[in-house]
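Only one structure is covered here, and it is reproduced in the block below.
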Amino acid sequence: MAFEDYVEVIGVEGNFRMSLQSSEMVPVVFSEAPLIRARVLWVDEVVSGPCAD
């Protein structure tokens, strides 16, 4: 989640969380972990409830 002055990194399984100064730092932080792949996803809007077809 990106905010004006920081970003929150949340693991897929929900058991990992980190605050960073910018989204550009995400690949830098995870480049030292050989078994982890990091991806930054940008979402334009939040949808609640079941998805409609």
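The values are calculated or read from the model by the stated rules, or taken from the named source; none is laboratory data. Quantities reported herein were computed from a predicted structural model and do not represent experimental measurements. Note that each Cβ is placed from the backbone with ideal geometry, even for glycine, and that neighbours are counted across all protein chains shown.
Some observations on this one:
- Candidates A38, A33, A52, filtered to the one that is modelled with pLDDT under 80 and in contact with a helix residue (DSSP H, G or I) (Cβ under 6 Å, 6 or more places away or on another chain): A38
- Condition met for R17 (of a type in the set (K, R) and at pLDDT below 80): no
- Hits in the range 11-22 (condition: farther than 16 Å from R37 by Cβ and assigned to a loop (DSSP other than H, G, I, E, B)): G14, N15, Q21, S22
- Pairing residues of the range 3-30 that are more than 16 Å from L41 (Cβ to Cβ) and surrounded by 11 or more Cβ atoms within 10 Å (Cβ to Cβ) with residues that are at pLDDT 85 or above and of a type in the set (G, A, S), at Cβ distances under 7 Å and at least 6 apart in sequence or on separate chains, gives Y6/S19.
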